[in-house]
Amino acid sequence: MNGSLKKILISAFVLFISAMPIYSLELDMSVDEEIRKNYNPSKLELEQLPSIPEIKTSQPAMPALPELPDSISVPDKTYTPPSQLPSTPPKSTITVNPSHSTGRVKKSLPDTSIKNDITAIKIKKGTKFKVKSQTKVSDWNSAGAGMTFVSTELVTQRYLTIPAGTVFKGIIVESHPPQASGNGGLLVLKATSIQYNGKTYDINAKITKANSKKIFFNNIKGERKYWKNVAAQIDKGENFYKKTRRASTKLADNPIGVIISPIPTITGVVVYALNFAGSPLLAITSKGGHITLPAGTMYEIKLLEDAYIY
């Protein structure tokens, strides 16, 4: 019974749904009939749409180049082109004006120095020459003054012998007279050139000895007299004390002068003590010794760099 009732209800529901207007379909086929009479549906799309343009894929042909003649006639000459090109193209030369260049241009200029000359003969750095001065110099000379030396012994190098009597030129690099605080005068000498076979060659050399005395830092210094001046100040006080002692002795021989005889001695003691204590300060005001190197002074010249003769 329940099953039959269920079927009845379902059937009623289906009939109710089917009877609703929304589900009622009424097809109007008249429109389709009109379209079929006037148009062919199979050809409609092709007849109404424009045709698709064709795309050309082939490139236009290049114009043919004219054939070159086998030979070109030039006045008095006949040029025949080579059968094949060279394997490596020739190098092109580009001239760059530095004033208009916006980048960095690396220029290699020819080296014209004597060092790269195959005919140049080198005199090694450290070579020494014993020479005699032909010029008198002193700390009164100003810097830049010239002087002349002559070698007294020959010097042998590889492929080269520099005989005795070779002329060297030099200058005074620096000089000053004696200064306060006991500082002596100063001379700094330098050899600048050598004359060989009638030619003059630049050298860089210093003076290492003067009158057989070694010169340090190329400075020829006058005698420093500070401590001598200290001793001189002390000696002055001592000499004054001795004079006052003699004066006191003479006064003591006189019965009247014996009363004042101690006064000179006391004065001498005071002056001597002041000189002894103040001698380091008093010596500062004194000066050192002068330098004078007469012509004929023996020197030793030492090369600071290689020299080249060609």
Exercise. Tell me, which strands (runs of 3 or more DSSP E) wholly within the stretch 153-266 include 3 or more residues that are surrounded by 14 or more Cβ atoms within 10 Å (Cβ to Cβ) and in the same structural domain as Lys132 (by TED's automatic domain parsing)?
Worked result: 167-176, 186-196, 199-210
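Quick check on my filter: what residues within the stretch 136-173 are of a type outside the set (Ser, Thr, Tyr) and under 29 Å from Pro280 (Cα atoms)?
Asp139, Trp140
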Problem set entry | Long-range neighbours under 8 Å by Cβ, at least six apart or interchain, first residue within 14 Å of Asp235 (Cβ to Cβ) within the stretch 266-277, second of a type in the set (Phe, Trp, Tyr) and assigned to a helix (DSSP H, G or I) | Gly268/Phe240; Gly268/Tyr241; Val271/Phe240; Val271/Tyr241; Tyr272/Phe240; Tyr272/Tyr241; Asn275/Phe240
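Please tell me if Lys136 is of a type in the set (Lys, Arg) and touching a Gly at 6+ places or on another chain (Cβ under 8 Å).
no
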Exercise. Any idea how many residues of the stretch 149-193 are modelled with pLDDT of 90 or more and among the polar types (S, T, N, Q)?
Worked result: 8
Exercise. Which members of the stretch 267-310 meet the condition of being under 30 Å from Lys130 (Cβ atoms), surrounded by fewer than 18 Cβ atoms within 10 Å (Cβ to Cβ) and modelled with pLDDT under 85?
Worked result: Gly289, Tyr310
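The values are calculated or read from the model by the stated rules, or taken from the named source; none is laboratory data. Predicted model, so just to flag it, every value in this text is computed and none were measured. Cβ: placed from backbone, ideal geometry, glycine included. Neighbour counts: every protein chain shown.
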